[in-house]
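The values are calculated or read from the model by the stated rules, or taken from the named source; none is laboratory data. Just so we're clear, the structure is a prediction, and the values are computed from it rather than from any experiment. Cβ placement follows ideal geometry from the backbone for every residue including glycine, while neighbour counts extend to all protein chains displayed.
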Amino acid sequence: MRVRDPQQNQGERIGDAIGILRYCEKLSDQLIRRAPPAWRDNDGAHILASNRNESAKGRPAGNGRLSALDRPVPAGVNAAGFGSDVVADALRATDIPYIALNPGASYRGLHDSLVNYLGNEQPQMLLCLHEESAVAIAHGYAKVTGRAMAAAVHSNVGLMHATMAIFNAWCDRMPIVILGATGPVDAVKRRPWIDWIHTASDQGALIRGYTKWDDQPASPIAAREAVLRANWIANTAPRGPTYVNLDAGMQESKLVQPVEPIDARRFMPPVESVAPPAPIKRAADLLREAKNPLILAGRVSRDLNAWNTRIALAERLGAWVATDLKVAAAFPTDHRLHVGSPGTIGIAAQATDAIREADVILSFDWVDLTGTLKSVLGPGMPSARIVQISVDHHLHNGWSMDYQGLPPVDVFIDCEPDIAVPALMAALGAGKPHAFTPVNKEFPKLEDGKLTVDHLADALRRSVGKRPTTLTHVSLSWNGASWPFRHPLDYLGSDGGGGVGGGPGISVGAALALMGTGRLPVAVCGDGDFLMGVTALWTAAHYRIPLLIVVANNRSFFNDELHQERMARMRNRPVENRWIGQRISDPDIDLAGMARAQGAQGFGPVTAAADLEPTFEKAIAAVEAGAVAVVDVRVEPGYTAAMTAAMTRKSE
Ligand SMILES: Cc1ncc(C[n+]2csc(CCOP(=O)(O)OP(=O)(O)O)c2C)c(N)n1
Ligand SMILES: [Mg+2]
């Protein structure tokens, strides 16, 4: 017998098993017959094309360079023999190329199936040093592809480690299929002590408030269905993480009879939503008459066509457009219609004016519409008519308030913005497009003799030059004015849930998805963020995933220094104590050394602005040669004025 090879055609596959084995093989054939076509082309167009509900072209598949790593010796297993083999087959049927994991005995059955039954291919394991980075990597992968990757975590404790990353992905509306496990549900089968502490009667309760769906299937057939459903639900808008908890007893049980084959595709039908015609017409009527329309461009896809249609709509309407660093690039930030520059917290002054003056506000699933309107207009009813395009309400639950305040809305369009925008264009009908040309927006002024985050950004931008670059993450100190976004993959948004420590893992996952696209993945992390998630680097180094991480190292959890300053001012206490319990110095941490220790290349600390460009150039060369590179830049503490003002507001 030969080990199954997912790349072989059905006809070529070996079928020398007999009897029951042959029957099981048929099942597996059904499940894996869709050997994914090459996902990538040279210019990366695969991820620019619509990446949902599409033909197999848009589907992610494994990367050739990675699949040469961690090869198992052939195990000679050709047929599903155990419960976990059926789960593995189902996972392969989803076309998910990778499963990021930290191991655990609770899923040793599945682990064996992935290695010795599937041959560690499709999905290929990505070993992680912490469950938080396993989930963050899947999160970052989804940010680029729009599709779920898998992550596997150990029972109870592994899931506990993973929770913050799951919450981040949930708030970011990113799909992930998470597989977990529990000690045998049947107490008779539990080993003393360890199986008991790692069994919970309702493990899913740990994460039910911030996952779309979870299940604990009791049989291999039920587990197969659960995996397919988890993938289907995670990838259907509004997207989010799902969780399947695999009973160790079920995984390790021998199949007593063959499992009936199914056509897995029929259990994951593409959910195609359409723009509702009546609200689209009402919105078009409002927008046609608007004197000062404003678009708040929030959660949208990485699709280039959709990006171009958004630009066409804004130009057709002559509408101002605001964007947000909490989410990925939604509109060219140096387009003349783009107001101000995007921020994570707080709105640029120009965007504030546009909100005040707007008579119609068109929201493309803006993350916090209520909060944004209130922060500018105060608590009263806004006089502008409001059109909200969103499917987010389908996800809201009573546990997490990440849905934000309930906005006043005049026309509600219940579909994704990508679908509504072309329909709006059609409903608006012919009209003279407003002729606008891109403008040169000013970059932040750099203060002599200092090394600030603006200096870092300026030198990084120059060093990157014309290379297509994806900012996979930015620090809280980042100034949106320092880096224009001109393409949907130029920026991937923030961590979603405000969970510090997500930056490195998310960036590794994004870099994985960008491999082979010709794009340079660059993360800018705060030192606090970097230190909390730093072991994600080892996974990138081991799997040869090129990535540049620049640490905006102010040697502090500086965000909270501002909060302590605020407290001190409000209470008339000494402001100079704000650093205590915040500063990460004495000793200063050797961040480049932490990178080198994990097989990455470390540069710095850079302490003079003049050294930035030469150092970045070396680091970029290393990344282009396939390395993970980290540059430690010692920046002065400080945030943008808008961010500082929004953060330190009086809260009574
Ligand atoms: C898991 C987690 N712990 C704590 C916080 C509170 N917090 C918000 S920002 C921040 C500081 C982050 O430090 P760093 O990444 O260095 O960015 P800086 O503010 O220094 O620019 C902290 C501790 C959080 N959001 N998430
Ligand atoms: Mg810091």
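When you check A523 against the structure, is it buried (at least 24 other Cβ atoms within 10 Å of the Cβ), away from ligand 2 (no atom under 16 Å from the Cβ) and either under 29 Å from S556 (Cβ atoms) or touching a residue at least 24 places away in the same chain (Cβ under 8 Å) (or both), yes or no?
It is false that A523 is buried (at least 24 other Cβ atoms within 10 Å of the Cβ), away from ligand 2 (no atom under 16 Å from the Cβ) and either under 29 Å from S556 (Cβ atoms) or touching a residue at least 24 places away in the same chain (Cβ under 8 Å) (or both).
Select from region 466-490 the residues that are surrounded by 24 or more Cβ atoms within 10 Å (Cβ to Cβ), among the polar types (S, T, N, Q) and either without any contact (Cβ under 8 Å) to a residue 40 or more places away in the chain or away from ligand 2 (no atom under 16 Å from the Cβ) (or both) and list them in ascending order.
Within region 466-490, T470, T472 qualify.
Taking the options R566, R573, R555, name whichever one is under 31 Å from the mean Cα position of the chain (by Cα) and either within 14 Å of ligand 1 (Cβ to nearest atom) or surrounded by fewer than 24 Cβ atoms within 10 Å (Cβ to Cβ) (or both).
Answer to the selection: R555.
Can you give me the number of residues within region 551-576 that are within 13 Å of ligand 2 (Cβ to nearest atom) and of a type in the set (V, I, T)?
Qualifying residue count, region 551-576: 1.
Identify, from the list A354, A349, A312, A319, the residue that is touching a Phe, Trp or Tyr at 6+ places or on another chain (Cβ under 7 Å), under 21 Å from P484 (Cβ atoms) and in contact (Cβ under 8 Å) with a residue 12 or more places away in the chain.
Residue meeting the stated conditions: A354.
At pLDDT 95 or above, surrounded by fewer than 24 Cβ atoms within 10 Å (Cβ to Cβ) and part of a loop (DSSP other than H, G, I, E, B) - does that describe any residue in region 127-134?
Let us first name the residues in region 127-134 that are at pLDDT 95 or above, namely 127-134.
If we keep only those that are surrounded by fewer than 24 Cβ atoms within 10 Å (Cβ to Cβ) as well, we get 127, 129-130.
Applying the additional criterion that residues be part of a loop (DSSP other than H, G, I, E, B) yields 129-130.
Yes: region 127-134 contains one or more residues that are at pLDDT 95 or above, surrounded by fewer than 24 Cβ atoms within 10 Å (Cβ to Cβ) and part of a loop (DSSP other than H, G, I, E, B).
Of all residues in region 580-614 being among the polar types (S, T, N, Q) and either within 13 Å of ligand 2 (Cβ to nearest atom) or assigned to a strand (DSSP E or B) (or both), which is farthest from D448 (Cα to Cα)?
The selected residue is Q601.
Every residue, every condition in (1) within 23 Å of the chain's Cα centre (by Cα); (2) more than 16 Å from ligand 1 (Cβ to nearest atom); (3) in a helix (DSSP H, G or I); (4) not aliphatic (A, V, I, L, M), yes or no:
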| position | (1), (2), (3), (4) |
| --- | --- |
| V376 | no, yes, yes, no |
| P379 | no, yes, no, yes |
| S383 | no, yes, no, yes |
| Q388 | no, yes, no, yes |
| G398 | no, yes, no, yes |
| P422 | no, yes, yes, yes |
| K466 | no, yes, no, yes |
| S475 | yes, no, no, yes |
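Which of the residues spanning region 477-524 are polar (S, T, N, Q), within 11 Å of the chain's Cα centre (by Cα) and in a loop (DSSP other than H, G, I, E, B)?
S494
Considering only residues of region 526-550 that are within 16 Å of ligand 2 (Cβ to nearest atom) and among the aliphatic types (A, V, I, L, M), which is nearest to W478 (Cα to Cα)?
V550
Mind listing whichever residues of region 192-244 are touching a residue at least 40 places away in the same chain (Cβ under 8 Å), assigned to a loop (DSSP other than H, G, I, E, B) and of a type in the set (D, E, K, R)?
Within region 192-244, K212, R239 meet the criteria.
Within region 513-540, track down each residue that is in contact with a strand residue (DSSP E or B) (Cβ under 9 Å, 6 or more places away or on another chain), farther than 22 Å from T163 by Cα and away from ligand 1 (no atom under 16 Å from the Cβ).
Result: A513, L514, M515, T517, R519, L520, P521, V522.
Being of a type outside the set (D, E, K, R) and without any contact (Cβ under 8 Å) to a residue 60 or more places away in the chain is the filter here; which residues of region 596-621 pass it?
Selection gives A597, Q601, G602, F603, G604, P605, A610, P614, T615, A621.
Against the definition (of a type in the set (A, V, I, L, M), under 30 Å from V360 (Cα atoms) and buried (at least 21 other Cβ atoms within 10 Å of the Cβ)), how does A297 come out, yes or no?
yes
Among the residues of region 189-228, which ones are of a type outside the set (G, A, S), modelled with pLDDT under 95 and surrounded by fewer than 19 Cβ atoms within 10 Å (Cβ to Cβ)?
Within region 189-228, the subset of a type outside the set (G, A, S) is 189-199, 202-203, 206-208, 210-217, 220-221, 224-225, 227-228.
This time we only want the ones that are modelled with pLDDT under 95, so: 189-199.
If the condition is that a residue be of a type outside the set (G, A, S), modelled with pLDDT under 95 and surrounded by fewer than 19 Cβ atoms within 10 Å (Cβ to Cβ), then K189, R190, R191, P192, W193, I194, W196, I197 are the ones that fit.
Would you tally the residues in region 541-579 being within 19 Å of V623 (Cβ to Cβ) and in a helix (DSSP H, G or I)?
2
Report yes if R461 is without any contact (Cβ under 8 Å) to a residue 60 or more places away in the chain and more than 16 Å from ligand 1 (Cβ to nearest atom), otherwise no. Please lay out each step first, then the result.
Numbers: without any contact (Cβ under 8 Å) to a residue 60 or more places away in the chain: yes; more than 16 Å from ligand 1 (Cβ to nearest atom): yes.
Yes, satisfied.
Quick one: which residue in G501, G516 is within 16 Å of ligand 2 (Cβ to nearest atom), on the phi > 0 side of the Ramachandran plot and not aliphatic (A, V, I, L, M)?
G501
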